[in-house]
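Trainee: The following block contains the structure, expressed as structure tokens.
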């Protein structure tokens, strides 16, 4: 894959991740039971809805940071090529997506959180539609995070190939007498008459 195509693919995947986070955000807010939305106020909504909303909002901020850095990296691979700027911005973008991935796996979909969702569905049947909407969107989001990570790999490979093509190899050779500890000891022994 060409360098510019790899970076375009990354930007496309980041846009898909943005869309997935927006859809999840909308599902968190708009698929709540009607009676919950009508009675909105302190202690009227389930804590999982608030918790998920906060996590998604934080992930959206990281995604925006990742997209901005990736766009900068993509501009750096356009002529005139600036590989140093490209890999620095790619690193910033990749770190932001890694934070999203860690948050997804450790805070949003660990066993305990999924168990909380299933308990909510069992104990409050009116929340069953909301729970299913979250499960659907969370499953898609996991795939989008994985696809984005693969796109980063493609960019890193393209940068590595470019760096490999332009690297310079320096080989040094010694000219003259090579002195080793062994030869010095032999000369010293000959002066002292020891053979």
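The values are calculated or read from the model by the stated rules, or taken from the named source; none is laboratory data. The shown structure was predicted, so the numbers you read here are calculated from the model rather than taken from an experiment. For neighbour counting, all protein chains shown are included, and Cβ atoms are generated from backbone atoms with ideal geometry for every residue, glycine included.
Trainee: If you check every pair at least six apart or on different chains, which have Cβ atoms under 6 Å apart with a residue in the stretch 76-97 that is at pLDDT 95 or above first and a residue that is surrounded by 15 or more Cβ atoms within 10 Å (Cβ to Cβ) and not in a helix (DSSP H, G or I) second?
Mentor: These pairs meet every condition: 76/82.
Trainee: Among the residues of the stretch 59-97, what is the count of those that are under 12 Å from the mean Cα position of the chain (by Cα), crowded, with 23+ Cβ neighbours inside 10 Å and under 14 Å from residue 8 (Cα atoms)?
Mentor: 4
Trainee: Also, I was wondering about something else. Give the residue that is farthest from residue 62 (Cα to Cα), with candidates limited to residues of the stretch 98-121 that are in contact with a helix residue (DSSP H, G or I) (Cβ under 9 Å, 6 or more places away or on another chain) and surrounded by fewer than 14 Cβ atoms within 10 Å (Cβ to Cβ).
Mentor: 118
Trainee: Related question: Within the stretch 123-135, how many residues are in a helix (DSSP H, G or I) and touching a residue at least 24 places away in the same chain (Cβ under 8 Å)?
Mentor: Going through the stretch 123-135 one residue at a time, the tally reaches 6.
Trainee: Scan 106, 139 and give me the residue that is more than 14 Å from the chain's Cα centre (by Cα) and farther than 19 Å from residue 19 by Cα.
Mentor: Answer to the selection: 106.
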